[in-house]
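Data block below; observations after.
The values are calculated or read from the model by the stated rules, or taken from the named source; none is laboratory data. If you're wondering where the values come from, they're calculated on a predicted model, not measured in any experiment. Cβ: placed from backbone, ideal geometry, glycine included. Neighbour counts: every protein chain shown.
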Amino acid sequence: MRLFKKKNNTPPEPTRTEALRCIPQRALAANWRLADQGDILIEYPLEIRPFFLQLARRFSPQKDLPRPTRKLQLDRLGSMVWQMVDGRKDVGTIVREFSTASGLTLQEAEISVTAFFRQLGRRGLIFMREPGSEDL
């Protein structure tokens, strides 16, 4: 018998149609450039937990520590989707354009693009905003 019920603080998952209407935007901290072969190389700051940051500051002879960064190289298809993210197109439009450009079916393109956005979101490289909300 449980005495206390665990509170669920997570927001409800959006429906499929709500998710396809969201507008992806690139994070401002993500710097990207076109590599030699047409692939995109993204460099973004690495998030460090405050405890480890304090340890590094305490034992480092430098006053200001440089922020460590990570690099992510996208393949041809990932680069195509990254360039489609402009802050105006919604996910559904990007899926349709990606399907046409890559030759995939709409269902395959939707699965690929949404999984790609989920991975970029976990890394903090993109975020989704609802349609009609202000640009950040």
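Please go through the stretch 90-109 and give me each residue that is in a helix (DSSP H, G or I), within 18 Å of R16 (Cβ to Cβ) and either among the small types (G, A, S) or touching a residue at least 60 places away in the same chain (Cβ under 8 Å) (or both), ordered by number. Lay out the reasoning, then the answer.
We begin by selecting, within the stretch 90-109, every residue in a helix (DSSP H, G or I); these are 91-102, 106-109.
Narrowing the set further to residues that are within 18 Å of R16 (Cβ to Cβ) leaves 91-96, 98-99, 106-109.
V91, G92, I94, V95, S99, A109 - these are the residues of the stretch 90-109 that are in a helix (DSSP H, G or I), within 18 Å of R16 (Cβ to Cβ) and either among the small types (G, A, S) or touching a residue at least 60 places away in the same chain (Cβ under 8 Å) (or both).
Return the residues of the stretch 110-133 that are more than 23 Å from R33 (Cα to Cα), touching a residue at least 12 places away in the same chain (Cβ under 8 Å) and over 13 Å from the mean Cα position of the chain (by Cα); say none if nothing qualifies.
At the first step, the residues of the stretch 110-133 found to be more than 23 Å from R33 (Cα to Cα) are 110-111, 129-133.
This time we only want the ones that are touching a residue at least 12 places away in the same chain (Cβ under 8 Å), so: 110, 129-131.
Residues satisfying the conditions are E110, E130, P131.
Considering (1) over 16 Å from the mean Cα position of the chain (by Cα); (2) modelled with pLDDT of 95 or more; (3) not acidic (D, E), say which one R76 fails and leave the rest.
(2)
Checking the structure you have, find out if any residue of the stretch 109-117 is in contact with a Gly (Cβ under 8 Å, 6 or more places away or on another chain), under 21 Å from A30 (Cβ atoms), at pLDDT 95 or above and surrounded by 12 or more Cβ atoms within 10 Å (Cβ to Cβ). Even if it seems obvious, please write down each step before you answer.
The initial filter retains those residues of the stretch 109-117 that are in contact with a Gly (Cβ under 8 Å, 6 or more places away or on another chain), namely 116.
With the extra rule that they be under 21 Å from A30 (Cβ atoms), the set shrinks to 116.
Restricting the remaining residues to those that are at pLDDT 95 or above gives 116.
Checking which are surrounded by 12 or more Cβ atoms within 10 Å (Cβ to Cβ) leaves us with 116.
Taking every residue of the stretch 109-117 in turn, at least one turns out to be in contact with a Gly (Cβ under 8 Å, 6 or more places away or on another chain), under 21 Å from A30 (Cβ atoms), at pLDDT 95 or above and surrounded by 12 or more Cβ atoms within 10 Å (Cβ to Cβ).
Could you list, in sequence order, the residues of the stretch 17-57 that are of a type in the set (K, R) and either touching a residue at least 60 places away in the same chain (Cβ under 8 Å) or surrounded by fewer than 10 Cβ atoms within 10 Å (Cβ to Cβ) (or both)? Full working, then the answer.
Pass one, the stretch 17-57, residues of a type in the set (K, R): 21, 26, 33, 49, 57.
Result: R21, R26, R33, R49.
Here are G78, G121: which of them is part of a helix (DSSP H, G or I) and surrounded by 15 or more Cβ atoms within 10 Å (Cβ to Cβ)?
Values: G121 fails: surrounded by 15 or more Cβ atoms within 10 Å (Cβ to Cβ).
So the residue among G78, G121 that is part of a helix (DSSP H, G or I) and surrounded by 15 or more Cβ atoms within 10 Å (Cβ to Cβ) is G78.
Could you go through the stretch 41-64 and let me know if any residue there is on the phi < 0 side of the Ramachandran plot and either in contact with a helix residue (DSSP H, G or I) (Cβ under 7 Å, 6 or more places away or on another chain) or modelled with pLDDT of 95 or more (or both).
The initial filter retains those residues of the stretch 41-64 that are on the phi < 0 side of the Ramachandran plot, namely 41-64.
From what is left, the residues that are either in contact with a helix residue (DSSP H, G or I) (Cβ under 7 Å, 6 or more places away or on another chain) or modelled with pLDDT of 95 or more (or both) are none.
No, the stretch 41-64 contains no residue that is on the phi < 0 side of the Ramachandran plot and either in contact with a helix residue (DSSP H, G or I) (Cβ under 7 Å, 6 or more places away or on another chain) or modelled with pLDDT of 95 or more (or both).
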